[in-house]
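Just below is one structure, and these are the notes that go with it.
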Amino acid sequence: MGTSIRRFTKGSDNNDTKSQGANSKLEKTAAADTKVPVVSFEDGKRVEKAISAQPAVVPATLGDAKKVAMPLDKTLVERLTPTMRKFLLVGKTVVVTGGARGLGFNMAQAMAEVGAKGIAIIDQKRDIGVPAAEELSAQTGVDVRFYEVDIRDSAQIAGAVKDIKDHYGQIDVLINSAGIADSNIPAETYEDDMWEKTIDINLNGAFKIGREVARSMINNKNPGSFVYVASMSGSIVNYPQEQSCYNASKAGVVHLVHSLAAEWAKYNIRVNSISPGYMDTALNRVPALDAQKKIWIDQTPQRRLGNVDELNNLAVFLASDASSYMTGANCIIDGGYCLY
Ligand SMILES: NC(=O)c1ccc[n+]([C@@H]2O[C@H](COP(=O)([O-])OP(=O)(O)OC[C@H]3O[C@@H](n4cnc5c(N)ncnc54)[C@H](O)[C@@H]3O)[C@@H](O)[C@H]2O)c1
């Protein structure tokens, strides 16, 4: 299977699909895919071109993917017990927002390992999204596509979701991991534009992508599972950093999940959220947070940050039929932080 890179940036040049550098171990496999269809929507008009892909390279930001994903050996499936089989996503198509790096990329790897036939990575960062998609495809042989989309933009989302459905047939799972964090900003000093940006990505974007994927599932009459990445900050107030906007945005996501789960159960769409505690991703690897990190660890019973792949198994559980009677749940996974 190949990798496709698709752009949905209004009025942008869609000819540039070059990836960076040249030192991936899997470079040869990824480079075997020479023609990449690139789609953009310019003034609402869909434009598709076949572009020669350059070798995939893993940028430093992808370095927090701790492992190389393995494809599922299909001969194993028949030997699994019925209980184990329910955890598989064989033949399913998964959309992962924020999948260019971090928790999203790791969950995309997990989806491939449990047999997904197709994975669409949606992210606004093409420079890391293209090599991420190429890398995942090379690792697993899964049909991975990259969509350059800002989840704040309904038109871009609509173009991407239609394209994903046209290509794969239907969408079965949405993992919404795209998000940003603002911290160490006292509430009384917040500027309107800073506040609005975080709410716009973390909450409004979460709604917009969910609405469009649900429309696709409802029109197609196929069941589905949504996994929203919220945060423990949606349930508790972090200490010592002041971050009212992030906390409010994630509390919004948690209750959005409750609401969507109640509304869309009639369409066989399940909606759940994962609320991570402090995870060891690029989001937290900034020198300004070093001193605070010591406090976070001290307040975490397991005495460490979560590894970047430690949401994977919960994401698989929620995405798959293993959780078929579960909807509207918010699952906190935080090394025990919320216990104190
Ligand atoms: N890292 C943590 O400690 C932690 C804890 C709790 C919750 N979370 C949540 O988990 C999610 C993933 O976090 P991460 O640590 O992997 O972060 P990350 O910054 O490594 O990855 C987030 C990805 O989302 C993408 N993104 C941001 N805004 C976007 C937009 N408008 N449209 C499309 N893509 C966009 C980014 O380009 C990036 O690739 C976020 O929602 C975050 O709030 C993280």
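Read-outs: derived from the displayed coordinates by stated rules, not from any lab. Nothing here was measured: the structure is a model prediction, and the numbers come from that model. With ideal geometry, Cβ positions are generated from the backbone for all residues, glycine too; neighbour counts draw on all protein chains shown.
Computed values, structure above
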item: Filtered trypsin sites (Lys or Arg not before Pro), region 188-245: DSSP coil and at most 15 other beta carbons within 10 Å; result: LYS221
item: Whole-Hz couplings from phi, Karplus 6.51/-1.76/1.60, listed for region 306-316; x for Gly and Pro; result: x, 6, 5, 9, 8, 9, 4, 6, 5, 4, 4
item: Distant-in-sequence amide H partners of ARG145 (H built 1.01 Å from N, under 5 Å); result: SER4, ILE119, ALA120, ILE121
item: Phi to ³J(HN,Hα) by Karplus 6.51 cos²θ - 1.76 cosθ + 1.60 over region 185-192, Hz, x for Gly, Pro; result: 10, x, 3, 6, 9, 4, 8, 4
item: Where labels lie 7 Å past Cα in the beta-carbon direction, separation of LYS125 and ARG215 in nm; result: 2.9 nm
item: Additional length obtainable on full extension of the chain from ASP193 to LYS293, 0.36 nm per residue less Cα span; result: 33.3 nm
item: Around GLY336: net Lys/Arg minus Asp/Glu count, Cβ-Cβ under 12 Å; result: +1
item: Amide proton proximity set for ASP334, modelled H, under 5 Å, gap of 5+; result: GLY277
item: Region 92-112 and region 265-318: distance between their alpha carbon centers, rounded to Å; result: 15 Å
item: Radius 14 Å from Cβ of PRO287, net charge of other residues (Lys, Arg +1; Asp, Glu -1); result: +2
item: Spacing of the two label points (7 Å from each Cα toward its C-beta) at LYS162 and MET70, in nm; result: 4.2 nm
item: Rounded to the nearest 20 debye, dipole of region 64-339 from Cβ charges on Lys, Arg, Asp, Glu; result: 1000 debye
item: Links that overshoot a 19 Å alpha carbon limit, given the list LYS117/LYS208; LYS165/LYS208; LYS117/LYS250; LYS125/LYS293; result: LYS117/LYS208; LYS117/LYS250; LYS125/LYS293
item: Placed amide H near GLY306: partners under 5 Å, 5+ positions off or other chain; result: TYR278, MET279, ASP280
item: Positive dipole terminus of region 64-339, leading residue within LEU339, GLY129, ASN247 (C-beta point charges); result: LEU339
item: Per-selection Rg to Rh, region 64-339 - Cα, Kirkwood hydrodynamic radius; result: 0.95
item: Table column - 3J(HN,Hα) (Hz), region 95-105, Karplus curve with 6.51, -1.76, 1.60, x for Gly and Pro; result: 9, 10, 7, x, x, 6, 6, x, 4, x, 5
item: Simple label model, 7 Å out from Cα along Cβ direction - ARG79 to SER235, nm; result: 3.8 nm
item: HIS255/CYS338 FRET efficiency (R0 22 Å; Cβ-Cβ; nearest 0.05); result: 0.80
